[in-house]
Every structure is written in C-alpha cells, then in structure tokens.
Amino acid sequence: MTLPCLTYMSNRIMLMEGVRHVRGDVMSFVEYSETVQEGDVAIVYLGHESMMAVKVQKNGQTQTRYGAIRHSSDLIGKRYGSKVTCSKGGWVLVLHPTPELWTVNLPHRTQILYTTDIATITMMLELKPGAVVCESGTGSGSLSHAILRTIAPTGHLHTVEFHKQRALEVEQEFREHRVAHLVSVRNQDVCLDGFGVAGVADAVFLDIPNPWEAVGHAHSAMKRHGGRLCSFSPCIEQVQRTCEALAARGFHDLSTLEVLLRVHDVRTVGLPLPDFGPDRTPDPAQTPAPPPAPHASLSIKTTTPPRSMAGHTGYLTFATKPRT
C-alpha cells in the first residue's frame, strides 16, 4: 500500500511544481518557496495516513519511527519534496505546507472543518483573490488557512474568536505561517460585538452555536452591493432558526446541504466465464471430442463502496444578501 501512496504524493508534488508561484526564499502558506529554511513549518510525510508538522529550527531534532531527523543537516537547505534519510536508515518526504496538509496535521483546539466541507464552502461563497471575508469562530484555523490561500494576495480575512487563549494561539500560528498580513484576529463575542467592520465583506462564514444571533452583524459587515453567507451547524434545529433569521433580514436564495465523502476501493476480482458446452452435437462417427478445458475466468478491476464511512458532520446553509 505504501508505493501507490508515495506515487500519488510524488505526482501531486510534480503538479504543484508546474503551476505554483515561487518566491524561492520565504515559506508561506500562500506562496511556495524552493528550499527549507530555519523557521519554516514543514510537513514530514511518513505515509499516506502518517504525517506531522515540524517547526524547523537550527540544531533541532524530530523523532520518527524511522529514526531521528536533524534539522540542520537533514532539512535546512533541502528542496521541498526531497527524500530525507533518518538515523535508522528509513526515509521520509519533506513537503511544503498547504492548507489541505495543515488540516490533517494541525493541533486540535476545537472540532474542525475538513477538506470535503471546506471545498464546498469556498466555492459556494464565490471566494477569489482580493475578496474580503468575515469569519466566526476561528477555532483551530482549518478553514481560515484555506480562505487565506484563496483570497491572497490582496484580500483580507476578519476572523472573530470568542475564547481568548484560542485567539492568541491562532494569531501566533498566522505569524509563523507568514500570513498575518492577510488576517485580523479579534477576541470578542460576534453575537454581541459583531465583526468589528461594516460594509466591507464580500462573504461571511459562521460556525458558532447560535448563528441566528449573528445574522444582523453579518448583514452589517457585508458590502452594500451584496454578498454570500454560509452557516455551519450540526443540528437541524439550528438550521431552522438561522433560516428564519436570514429571511427576516432580507436574504434570499436560501439553501441547506450536507456533504458526505464516499471513497471507493479499487481491487482485482476474478469473473468466471460461463460454460455453454460444445458448439454443436458431436457426430458419433467422428473422432471423440477432447475433454473439456478447465473452467475459465477473467481478471478485471472493479470498485467497491466502503463498508463504513464518516457520516454526518454538519449542515451548510447558504444565502445571498441582495444589493441595497
């Protein structure tokens, strides 16, 4: 199983190499650099289900099941995508961080959104470079990093986190990931104090227990020519109250959906070929027919659905603020 995973990652690295923006000197979650430098956050890839984010430091060391990785000699100065040999002889890949890789490696301070929902949110909110987005709550910053990559280099994210310690930690991560110039973090209650801005947002995202109480602030934060809003809620009762609040504020095009990821496995199966017997009735005067050949089968590739899969995460409610 390891070889297909590594082949997939290598192909992905090659694809990114062909389309990416390269600065060549500084790592950022929104701009790619060629080589690993001190202070970078690199992704150490041990296998498809085993990765870790590493803060690269001079004289630093990271332990893996394949042995130690010495930052000064094994990481600093190496090209992203390189194979690195560990102290026990095994090897890993050192990858440039992306929002997708950060989502599966970040420290969990809260429950997070994963790529399946994130991709739908960024598309349905019609995000693009230069867009201004308001978000609450920030949580562990999974969606925030995807938004920043989408709206860079001239957009801005205004994100609100109610919990003070979480707000401080995510603000520090934005600085380490060199995207702090694209985001403003506020520690306040969005239901009481709003987003701290008015009339500037192209889109608003809400991931809070009572989003209906923040609909008015979301309406005020959005531009006069309108925009898109998304609310993530795990319970249908939350969705109902939010839709009522959105309709009361004049939002239209309300829709709620649920995104489920179903990954099919590819495997080889043997398909037995039917035996219809001899082509015609043999003539007794002729030479006796040879004994029948062993029953034949055909090997084919097929897919099978999973026996179990990740179920409900939450409902995504979308709405449009009309031009005023």
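The values are calculated or read from the model by the stated rules, or taken from the named source; none is laboratory data. Keep in mind that what you see is a predicted model, and the values were worked out from it rather than measured. Backbone-built Cβ (ideal geometry, glycine too); neighbour counts: all protein chains shown. Ligands, DNA and RNA are stripped out before the accessible areas are found, and what is left, the full protein with its side chains, is counted by its heavy atoms. Shrake-Rupley method; radii C 1.70, N 1.55, O 1.52, S 1.80 Å.
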Candidates Val132, Val183, Val179, Val104 - the one that is of a type in the set (A, V, I, L, M), open to solvent by 60 Å² or more (accessible area, probe 1.4 Å) and under 21 Å from the mean Cα position of the chain (by Cα): Val104
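Go over the candidates Ile112, Ile147 one by one and state the one that is surrounded by 16 or more Cβ atoms within 10 Å (Cβ to Cβ) and assigned to a loop (DSSP other than H, G, I, E, B). Working first, answer last.
Values: Ile147 fails: assigned to a loop (DSSP other than H, G, I, E, B).
On inspection, the qualifying residue turns out to be Ile112.
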One residue from Thr120, Thr85, Thr62 being polar (S, T, N, Q) and closer than 30 Å to Pro234 by Cα: Thr120
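Restrict the check to the stretch 234-243 and report whether at least one residue is surrounded by 20 or more Cβ atoms within 10 Å (Cβ to Cβ), of a type in the set (A, V, I, L, M, F, W, C) and either closer than 15 Å to Thr324 by Cβ or out of contact with any strand residue (DSSP E or B) (no Cβ under 9 Å at 6 or more places or on another chain) (or both).
So the first thing to find is which residues in the stretch 234-243 are surrounded by 20 or more Cβ atoms within 10 Å (Cβ to Cβ), and the list is 238-239, 242.
The next check asks that each one be of a type in the set (A, V, I, L, M, F, W, C); those that pass are 239.
With either closer than 15 Å to Thr324 by Cβ or out of contact with any strand residue (DSSP E or B) (no Cβ under 9 Å at 6 or more places or on another chain) (or both) added as a condition, the list becomes none.
No - not one qualifying residue is present in the stretch 234-243.
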Take Pro209 and tell me if it is in contact with a helix residue (DSSP H, G or I) (Cβ under 7 Å, 6 or more places away or on another chain), without any contact (Cβ under 8 Å) to a residue 60 or more places away in the chain and open to solvent by 60 Å² or more (accessible area, probe 1.4 Å). no
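Among the residues of the stretch 53-73, are any aliphatic (A, V, I, L, M), surrounded by 14 or more Cβ atoms within 10 Å (Cβ to Cβ), more than 25 Å from Ala152 (Cβ to Cβ) and in contact (Cβ under 8 Å) with a residue 24 or more places away in the chain?
Residues of the stretch 53-73 aliphatic (A, V, I, L, M): 53-54, 56, 68-69.
Going one step further and asking which of them are surrounded by 14 or more Cβ atoms within 10 Å (Cβ to Cβ), we end up with 53-54, 56, 69.
Narrowing the set further to residues that are more than 25 Å from Ala152 (Cβ to Cβ) leaves 69.
Restricting the remaining residues to those that are in contact (Cβ under 8 Å) with a residue 24 or more places away in the chain gives 69.
Yes, the stretch 53-73 contains a residue that is aliphatic (A, V, I, L, M), surrounded by 14 or more Cβ atoms within 10 Å (Cβ to Cβ), more than 25 Å from Ala152 (Cβ to Cβ) and in contact (Cβ under 8 Å) with a residue 24 or more places away in the chain.
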Selection count, the stretch 1-39, where residues are over 20 Å from the mean Cα position of the chain (by Cα), open to solvent by less than 70 Å² (accessible area, probe 1.4 Å) and modelled with pLDDT of 50 or more: 7
Looking at the structure I just gave you, is Arg262 among the charged types (D, E, K, R) and in contact (Cβ under 8 Å) with a residue 40 or more places away in the chain? yes
So is Ala203 crowded, with 16+ Cβ neighbours inside 10 Å and hydrophobic (A, V, I, L, M, F, W, C) or not? yes
